[in-house]
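One structure is given here, and the rest of the page talks about it.
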Amino acid sequence: MSGPTAAPLPVTADDVVQAVRLAVATLREVPPGVWDGKAGSLEWDCWETVEHIANDLLYYAVQLGPDNPPLDTHVPFELRHRRPGAPASFAFAERDSGPAGLLQVLEATGALLVAMVRTTPSETRAHHGAGVSDPEGFAAMGVVETLVHMHDLAEGLGLAWTPPADLCSRVLTRLFPDAPSTTDPWPTLLWATGRAELPGQPRLTTWRWHSTPRS
């Protein structure tokens, strides 16, 4: 007779720490002169893609910041495009700072999200376009943005990038509950975000995570 099924492990601030540190360590190996190339299949260059990760981490942190976070829209920082086709951003790295400065921006925004996830009560709710979320959800979304956009960067920069399976598994459980559970977590996360095929599963042309809290 089998026992009760163990509850899935939550996504935590430590997972954000791990994802950002792995990303920064990998990107430190990139030489200065290649950041203007495309990031994999994206229309953004590699510099813009790192800025986009940083903006996502910062966006998730500030959503949790107000005493009464908005539930129907984002905290109204102004978004703008540096060029047509670039990602919409509200924070930019100084180009003159070079790649080292860009990675400091990524580290700093990751640290802000980590701090907010650690200090915000778990019952707090805040707006996200895929569903009002909680601190764990924002941590999970920050991890996914970091991992999958690092995949894009790795394709564009010729880097090796395979994040830990347990980290991928936790964010899949939290944000993609309908994803296959018997396949390797990293390829499954790439499939769930429209970046790869899985055996018996065609590549997704549209995708969306579920940011609402799990019961």
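For first residues located in the range 119-137 and at pLDDT below 95, partners that are open to solvent by 50 Å² or more (accessible area, probe 1.4 Å) and part of a loop (DSSP other than H, G, I, E, B) and lie 6+ apart or on another chain with Cβ distances below 6 Å form the pairs Ala130/Arg208; Gly131/Thr212. If you go through the range 15-55 and keep only what is under 13 Å from Leu159 (Cβ atoms), in contact (Cβ under 8 Å) with a residue 40 or more places away in the chain and either assigned to a helix (DSSP H, G or I) or touching a Lys or Arg at 6+ places or on another chain (Cβ under 9 Å) (or both), you end up with Leu22, Ala23, Val24, Thr26, Leu27, Val34, Gly40, Cys46, Thr49, Val50.
Checking each residue in the range 171-215 for being touching a residue at least 60 places away in the same chain (Cβ under 8 Å), of a type outside the set (A, V, I, L, M, F, W, C) and within 20 Å of Thr26 (Cβ to Cβ) picks out only Arg195. In the range 64-90, the residues that are in contact (Cβ under 8 Å) with a residue 24 or more places away in the chain and within 17 Å of Thr109 (Cα to Cα) reach residues that are of a type in the set (Ser, Thr, Tyr) and part of a loop (DSSP other than H, G, I, E, B) with C-beta atoms within less than 9 angstrom, at least six apart or across chains, in these pairs: Leu64/Thr120; Leu64/Thr124; Gly65/Thr120. Applying the condition of being over 21 Å from Ala108 (Cα atoms) and among the hydrophobic types (A, V, I, L, M, F, W, C) to the range 127-166 and asking which residue is surrounded by the fewest Cβ atoms within 10 Å (Cβ to Cβ) yields Ala160.
The values are calculated or read from the model by the stated rules, or taken from the named source; none is laboratory data. Remember, it's a predicted structure, so these values are computed and weren't measured experimentally. All Cβ positions, glycine included, derive from the backbone under ideal geometry; neighbour counts span all protein chains shown. When the accessible area is computed, the model is the full protein with side chains, heavy atoms only, and any ligands, DNA or RNA have been set aside. Shrake-Rupley method; radii C 1.70, N 1.55, O 1.52, S 1.80 Å.
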